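First comes the structure, then the notes that go with it.
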Amino acid sequence: MADEFALDLEELRHLQSIAKRTRVVSLISAEINNLEKLSKNAALTKSLQVPTPICTAPKGLSSPALLYVTLGSFSWDQDNEKVKIYASLEGVDQEKIEADFKPMSFDLKFHDVQGKNYRCAIPKLNKEIVPEKCKVVVRPTKVIITLVKASKGNWSDLHFKEDKLKPNLDKDHDPMAGIMDLMKNMYEEGDEEMKRTIAKAWTDARSGKAADPLKSFQ
């Protein structure tokens, strides 16, 4: 199981490095984050034989299977010590924000925003941050995420730049399985144009006409 997670992560990170559209990159990033968590939980369960940890929801929320809309579009700037991310979102309640800051990532969930739940996450940041000093500030029409840099300096990007991945030599593993699941989610959430594009890429990938199912998005 751990080997399958690792191979799926390699495939997703490769696709993340070649994807062009912001929405596609964001969806792939969210899927990578989910797989990393599943991989860690699987390893803990196998070695310690303990139940998979369950994230505690904010006070007053108790749904184990909430659906989230990904905030794929945002702007950011920086100075020598901080990075600020600006996401347009109205009606956010500060008390209904679930924030998870880690040294190399963050995952923010905004619950019950005009009847929907939103999520903004970067699974691997460009450089390390100081989690306990990071914060989220709510404004009438947007949220401002402040990341405090662990070391002063300039970031060339928000995302970590991966090295080229090694080719997958496991012939028994289907590297497209995880990607197809991701494309299903994108299809369900996308508009008509997105659905037509994904349907074509999906069909080509299954028939062997396209080695890279994301080629149609570029």
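Quick look at the values:
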item	result
Protein accessible area in segment 1-42, 1.4 Å probe - carbon and sulfur %	50 percent
Cα-centre dipole for segment 1-42 with unit charges at Cβ (Lys and Arg positive, Asp and Glu negative), debye to 20	360 debye
Residue (of G91, S105, C134) at the positive-pole extreme of segment 68-149, dipole from beta-carbon charges	S105
Accessible-area value, Y68, 1.4 Å probe, nucleic acids and ligands omitted, Å²	50 Å²
Residue-by-residue Karplus 3J(HN,Hα) for segment 92-103, coefficients 6.51, -1.76, 1.60, Hz, glycine and proline x	7, 9, 4, 6, 10, 9, 9, 10, 10, 9, 10, x
Spherically averaged projected area in nm², based on the convex hull that wraps the Cα atoms of segment 1-42	2.5 nm²
Exceeding the 23 Å Cα-Cα cut-off - candidates K109/K142; K124/K149; K20/K109; K40/K127; K161/K195	K20/K109; K161/K195
Backbone HN-Hα couplings from phi across segment 145-154 [Karplus 6.51/-1.76/1.60, Hz, Gly and Pro as x]	9, 9, 9, 8, 5, 5, 9, 5, x, 9
Calculated FRET value between V148 and Q94, using beta carbons and R₀ = 30 Å, to 0.05	0.95
Where only alpha carbons of segment 68-149 are counted, the Rg and the Dmax (Å)	12.1, 38
Accessible surface, 1.4 Å probe, highest first, among residues K161, K96	K161, K96
Distance in nm between pseudo-label sites at E36 and E81 (7 Å out along the Cβ direction from Cα)	2.7 nm
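The values are calculated or read from the model by the stated rules, or taken from the named source; none is laboratory data. Just so you know, these numbers come straight off a predicted model, no measurement behind them. Note that each Cβ is placed from the backbone with ideal geometry, even for glycine, and that neighbours are counted across all protein chains shown. SASA here: full protein model, heavy atoms, side chains in, ligands and nucleic acids out. Shrake-Rupley method; radii C 1.70, N 1.55, O 1.52, S 1.80 Å.
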